[in-house]
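We did not get these values from a lab; they are worked out from the coordinates using the rules stated. Note that this is a predicted model, so its numbers are computed, not measured. Every residue, glycine as well, gets a Cβ built from its backbone with ideal geometry; the counts of neighbours run over all protein chains shown.
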Amino acid sequence: MREAIEKFATDLNPSPAELTKFISKLSYCPVNIDNNADYLNLRKAIQDLEISLNLKNQNVFYLSTPPSLYSPIIKNLNDVGLGGKASSDANIWPKIVVEKPFGRDLQTCKELDNQLHDVFNENQIYRIDHYLGKETVQNIMVLRFANAIFEPLWNYQHINNIQITNAETLGVEGRGVYYEEAGAMRDMVQNHMFQLLGMVAMEAPGSLDSEAIRDEKAKVLKALRPLDLSNLEQCAISGQYGQGYISGKSVVGYREESGVDQNSQTETFVALKLYIDNWRWANVPFYVRSGKRLGKGITEIAIEFNRVPHRIFNDENYFGFNDSNLTANTLVIQIQPDEGISLKLMVKQPGTTTHLKALNMDFKYGQAFGTRTPSAYERLILDCLLGDSTLFSRSDFVNLSWAFLDPVINSWHTNTQKNFPNYDAGSWGPESSNRLLANQGHSWRKL
C-alpha cells in the first residue's frame, strides 16, 4: 500500500510520518470466498477492530470482485452475522458497495437485487459508478440549476441535438475473456452512458435530497422511446474494431486479442439515436456512442443549440463567409481527460472589417481553482461512509436501463454480424454510425 500511494497518489504528497500513521491502521484478513470458517475469522478480526476503535457495526463491505462471486459473498457475510438489514431508515449500517456490471441483463439484475435485498435494505446498498464521482459530472446540476442563463434554453425550443461520447484508444487490455461476456453495451452504455444521459436530461429536483435527484433521473429512462427492433440500423449501430494504428503504432484487431474468439460477435462500439418522449425533449435526438480503439481518448457531452432564426451575414466577401457556414452555439461538458466546460460563440475578429469567427470560452478545473481535485473514487467512498447515496445508482434506474437495452442486445446476438470487423483501429467507428446522424441532417462532432 505504501508503494501504491507513493506511485499513484503523488498529488497527496503525504509526509513520511503521515504515511506511516495511515499504514499502521491497515490490516489484512485473507478469505476464501467459499470457506465459511474464513468468514468467521473475518468476523473475529472486525470485532477486534471495533473494540480497539470503540466503534460498533460501522462496516462497509466493498465487493470489487468478479460479479459471479457477489452471491456467495452476500450469503456468507449474512450467515456469520456480518450482514443484516438496518433496524430503521436512520440506521444505515452495515453497508455494501457493488461494482458494475450489476447483472448482465434484466433477469440477472433482478436476481442480484433480490439477493441483496434479502440481506440489506436499499439505503444500505451502494451501486458504484465512478463516472458519477467526476467533478464535471457533478457540476452538470450546478451548471443547469444555479445559472439562470442556461435552464430557460434547456429544451426542445432551443436545443437542436445532444451528443454524448465515450471514446477510448485502448483495446481490451488483456481482459478479452471478460469483454467477450460483456461487450460495449453492457460494459459502458448500460451504466456510464445512461447515467450521463440521466444527468443532462433530468428535470430540476424539488431538493438536493438523494431520493429526489434519483427520482428525476429514473423518469428520464421511463420516458425513453423504445427502439424499433424491426428497423434497428436506423436507431442502433454496433461495431467491432479490426487492425489499425493508434498513435502511429500498429495494433491487432479485436478477434486477435488474447481470450477472444476468432469469430467473435461481441461489439466493441455502440451508437444509439434516442428520443425522450416528454414535454421538455420532444423530438430532440440524443446521440450516444461508446467505443474502443477510436481515434482519441475522450468523454464529453455536447449540447448543440439551434442556429439563429434570421440570417443577416450573407456577404461572403464582407463577412468572411455566408450564413450557411455559421457555427451553431455549442456547450461542451468534458468529463475526461481534461475536466472542464466550453461554450462556442460567434464573434467579430479584430479589424476594420466585420469578419466572423467561432471562438471557445473555456473553463478548466485544473486551472480555475488551483487546488487538488479529489479522484472520483475518493468522493464516492466518502459519500458512502457519510450515507449520501446521491451519486449511486438506485435499483429502479438499473432495472430500467436493462429493460430498455436488453431487446437490442438480444437482437444483435441473435442475428450474426457478418460484416465484423467493420471499423479500423484508430478510426471513429463504422460508417453506419455516421449515417445514423446524417439521416437527421446531423454529424458527429470532430474531436
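Give the label of the value calculated from the structure for semi-axes √(5λ) of the Cα gyration tensor in Å, choosing from [x] 39, 28, 19; [y] 41, 27, 23; [z] 38, 25, 18.
Comparing each candidate, only [y] matches the computed number.
Label region 1-79 by shape, choosing from rounded, prolate and oblate, from the square roots a ≥ b ≥ c of the eigenvalues of the Cα gyration tensor; if a/c is under 1.5 it is rounded, and otherwise prolate applies when a/b is larger than b/c, oblate when it is not.
oblate
Which aspartates and glutamates have a Cα less than 12 Å from the Cα of Lys273, not counting those fewer than 8 places away in the same chain?
Asp228, Glu233
Specify whether the C-alpha gyration tensor of region 31-127 places it in the rounded, prolate or oblate class, a ≥ b ≥ c being the square roots of the eigenvalues: rounded for a/c under 1.5, otherwise prolate if a/b is larger than b/c and oblate if not.
Working: a/c = 2.18, a/b = 1.38, b/c = 1.58.
Cα axes put region 31-127 in the oblate bin.
For a quick check: sort Met141, Met346, Met1, Met185 by the number of other beta carbons within 10 angstrom, fewest at the front.
Lowest to highest Cβ neighbour count: Met1, Met346, Met141, Met185.
For every helix of n ≥ 4 consecutive DSSP H residues, a contribution of -39,500 (n - 2.57) applies; sum these over the chain, divide by its total residues, and give [θ] at 222 nm rounded to the nearest 500 deg cm²/dmol.
Working: 14 runs with 145 residues, N = 447.
That calculation yields -9500 deg cm²/dmol at 222 nm.
Using Cα springs under 10 Å in a Gaussian network model of the chain, which residue among Ala425, Ala184, Ala37 shows the largest mean-square fluctuation?
Among Ala425, Ala184, Ala37, the largest mean-square fluctuation in the Gaussian network model of the chain belongs to Ala37.
Please compare each pair in Lys296/Lys446; Lys249/Lys292; Lys25/Lys100; Lys100/Lys219; Lys100/Lys222; Lys292/Lys418 to a cut-off of 18 Å on the Cα-Cα distance and tell me which ones are over it. Walk me through the numbers on the way to the answer.
Numbers: Lys296/Lys446 10 Å; Lys249/Lys292 16 Å; Lys25/Lys100 28 Å; Lys100/Lys219 22 Å; Lys100/Lys222 21 Å; Lys292/Lys418 20 Å.
Lys25/Lys100; Lys100/Lys219; Lys100/Lys222; Lys292/Lys418, as the Cα separations exceed 18 Å there.
With the chain treated as a Gaussian network of Cα nodes joined by springs under 10 Å, which of Gln47, Gln138, Gln190 yields the largest mean-square fluctuation?
Ranking Gln47, Gln138, Gln190 by mean-square fluctuation puts Gln47 first.
By count of other Cβ within 10 Å, fewest leading, how are Ile237, Ile46, Ile23 ordered?
Ile23, Ile46, Ile237
What is the local net charge at Met193, summed over the other residues whose Cβ is closer than 15 Å to its Cβ (Lys, Arg +1; Asp, Glu -1)? Before the final figure, lay out the partial values.
Values: positive: Lys100, Lys134, Arg186, Lys217, Lys273, Arg289, Lys292; negative: Asp129, Glu168, Asp187, Glu267, Glu300.
Summing Lys and Arg as +1 and Asp and Glu as -1 gives +2.
Fewest to most neighbouring Cβ within 10 Å: what's the order for Thr390, Thr354?
In order of increasing Cβ crowding within 10 Å: Thr354, Thr390.
At what distance in angstrom do the alpha carbon centres of region 289-309 and region 402-422 lie from each other?
23
Whole-Hz ³J(HN,Hα) for each residue in region 70-80, computed from phi via Karplus 6.51 cos²θ - 1.76 cosθ + 1.60 with θ = phi - 60°, x for glycine and proline: what do you get?
4, 4, x, 5, 4, 5, 5, 4, 5, 4, 9
Sort the following peptides by mean Cβ neighbour count (other Cβ atoms within 10 Å, averaged over residues), highest first: 371-382, 96-107.
Highest-to-lowest ranking by the protection proxy: 96-107, 371-382.
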